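What follows is a set of notes on a single structure, which appears directly below.
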Amino acid sequence: MKTYHRFFIAFLSLCIICCGCGYHAGQGSHLSPYRTISIPYVKGDWDGTMTAELVKQVSQSGTLTYVHDHGSLVLNVQLIDMYDENVGFRYDRSKHGEVKKAIIPSETRLFAVAEVSLTEAGTGRIILGPVRLSADTVFDHDYYTVRDGVNVFSLGQVTDYDEAEDAAQRPLHARLASKIVDFINNSW
């Protein structure tokens, strides 16, 4: 009988502590009053890939239903900064394969920063934000030089770096969209 009393007292104490601290089990999602979300074109998204990725990930999250117009919530996103930094280097080589003293970049980290806010469509009241979220991705690229140090493709043409940077945009936008969706779903 003593074991039963200890268990009962422990259970009762746990219930009092949890209820006394304001903890309530099973209240549901913070988004439960809302069913739909609209996502206007992301400001600063010059080719639409960020907007498309954001719509895709919001639709796949299952929390809210994406609608083109008249959603109960509106997700406003603006790309406010994109920058890069070289993170990998290699020694340059001559035509004959000899190592030169100069080092050249061969790996770059690309960053994107967005300002995000979530508003209630009917009232215009800001529910979340504005907040700045960022994401990054790393990509490799080639860099070919000629004798005077000018990139071979730099005379008005697309460089290897530019092509690699364009290819890195999709995974960068996917990471940023994922962070935005996590922010919406988990920040309440």
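The values are calculated or read from the model by the stated rules, or taken from the named source; none is laboratory data. Computed from a prediction, not measured in an experiment: that's the story for all the values here. Please note: Cβ atoms are built from the backbone with ideal geometry, for glycine as well, and neighbour counts cover all protein chains shown.
Matching residues to (1) modelled with pLDDT under 95; (2) not hydroxyl-bearing (Ser, Thr, Tyr):
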| position | (1), (2) |
| --- | --- |
| 64 | yes, yes |
| 95 | yes, yes |
| 106 | yes, no |
| 130 | no, yes |
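Condition test on residue 103, is it in contact (Cβ under 8 Å) with a residue 24 or more places away in the chain and not basic (Lys, Arg)? It is false that residue 103 is in contact (Cβ under 8 Å) with a residue 24 or more places away in the chain and not basic (Lys, Arg). Taking residues in the stretch 111-127 that are within 13 Å of residue 37 (Cβ to Cβ) and touching a residue at least 12 places away in the same chain (Cβ under 8 Å), and partners anywhere that are outside any strand (DSSP E or B) and of a type in the set (Phe, Trp, Tyr), the pairs with Cβ atoms closer than 9 Å and at least 6 places apart or on different chains are 116/183; 118/183; 120/34; 127/34; 127/188. For the stretch 30-64, a residue qualifies if it is touching a helix residue (DSSP H, G or I) at 6+ places or on another chain (Cβ under 8 Å) and over 23 Å from residue 167 (Cα atoms), and the qualifying residues are 31, 37, 39, 61, 63, 64. Can you find a residue that is within 30 Å of residue 103 (Cβ to Cβ) and either assigned to a loop (DSSP other than H, G, I, E, B) or not hydrophobic (A, V, I, L, M, F, W, C) (or both) anywhere in the stretch 48-68? Scanning the stretch 48-68, I find no residue that is within 30 Å of residue 103 (Cβ to Cβ) and either assigned to a loop (DSSP other than H, G, I, E, B) or not hydrophobic (A, V, I, L, M, F, W, C) (or both), so the answer is no.
Of all residues in the stretch 69-108, which are part of a loop (DSSP other than H, G, I, E, B) and either in contact with a helix residue (DSSP H, G or I) (Cβ under 9 Å, 6 or more places away or on another chain) or exposed (fewer than 12 other Cβ atoms within 10 Å of the Cβ) (or both)? Those that are part of a loop (DSSP other than H, G, I, E, B) and either in contact with a helix residue (DSSP H, G or I) (Cβ under 9 Å, 6 or more places away or on another chain) or exposed (fewer than 12 other Cβ atoms within 10 Å of the Cβ) (or both): 69, 70, 94, 95, 96, 97, 98.
Within the stretch 10-19, is even one residue at pLDDT 85 or above and either buried (at least 16 other Cβ atoms within 10 Å of the Cβ) or not in a strand (DSSP E or B) (or both)? The answer is no; no qualifying residue exists.
Only residues that are more than 30 Å from residue 37 (Cβ to Cβ) and either touching a residue at least 24 places away in the same chain (Cβ under 8 Å) or of a type in the set (Lys, Arg) (or both) were counted across the stretch 73-100, and they come to 9.
Taking the conditions (1) assigned to a loop (DSSP other than H, G, I, E, B); (2) surrounded by 12 or more Cβ atoms within 10 Å (Cβ to Cβ) in turn, residue 123 satisfies each one other than (2).
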